[in-house]
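> I'd like to ask you about the structure that follows.
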Amino acid sequence: MLLLQDYNWPGNIRELKNVVETATTLSKTGILDVESFLPLLTVENSGDESRNLPVHVNRPMESLDREFIYRALIEIKKDLMDLKSFAEKNQNEFNNSSIERENVILPLQEIERQTIEKAFTFIPAQ
């Protein structure tokens with residue numbers, strides 16, 4: 001905690017979020033300690049030439065590439081999990097629908113009403 005509290009966080013909350021997500025992803029034990037964060041934090045330079053760069057210039061390119069790939073994979077995984085959850089919910093709603101699609105003929109107005117009602121149930125609460 002002291003390491004994280006004492007760090008300057010030049011990237012503000014976005015950098016903190018990315019560092020914690022990356023450390024969590026790379027952790028083999030599930031326990032985050034100083035060694036989990038040290039490779040992810042930028043050591044401050046006395047010069048100003050790299051102060052505003054969006055990458056850690058004191059690390060090898062392979063390490064940076066690996067970090068960017070991990071971050072992209074984390075975001076892709078989150079998106080896929082959200083899509084999977086949404087698709088499963090829609091499929092369950094479709095399967096549990098009270099309308100027999102094969103043998104019942106409904107007026108267009110009724111189908112539109114039911115579709116609108118179902119659309120409102122899929123809108124997540126803000």
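> Mind listing just one residue for me: the one in the stretch 5-32 that is touching an Asp or Glu at 6+ places or on another chain (Cβ under 8 Å) and in contact (Cβ under 8 Å) with a residue 24 or more places away in the chain and, of those, farthest from ALA72 (Cα to Cα)?
Applying the filter and picking the extreme gives ASN8.
> Another question, then. Anything in the stretch 37-51 that is modelled with pLDDT of 80 or more and over 13 Å from GLU67 (Cβ atoms)? List them, or say none.
Within the stretch 37-51, LEU38 is the sole residue that qualifies.
> Would you mind finding the one in SER97, SER27, SER63 that is modelled with pLDDT under 85, under 24 Å from the mean Cα position of the chain (by Cα), over 20 Å from TRP9 (Cα atoms) and not β-branched (Val, Ile, Thr)?
Going through SER97, SER27, SER63 in turn, just one is modelled with pLDDT under 85, under 24 Å from the mean Cα position of the chain (by Cα), over 20 Å from TRP9 (Cα atoms) and not β-branched (Val, Ile, Thr): SER27.
> Could you tell me which residue of the stretch 100-126 is nearest to the chain's Cα centre (by Cα), considering only residues that are surrounded by 11 or more Cβ atoms within 10 Å (Cβ to Cβ) and either modelled with pLDDT under 85 or in a loop (DSSP other than H, G, I, E, B) (or both)?
Once the filter is applied, the top-ranked residue is LYS118.
The values are calculated or read from the model by the stated rules, or taken from the named source; none is laboratory data. Note that the structure is a prediction, hence the values are computed from the model and not measured. Neighbour counts are summed over all protein chains in view; Cβ atoms, including those assigned to glycine, are modelled from backbone coordinates with ideal geometry.
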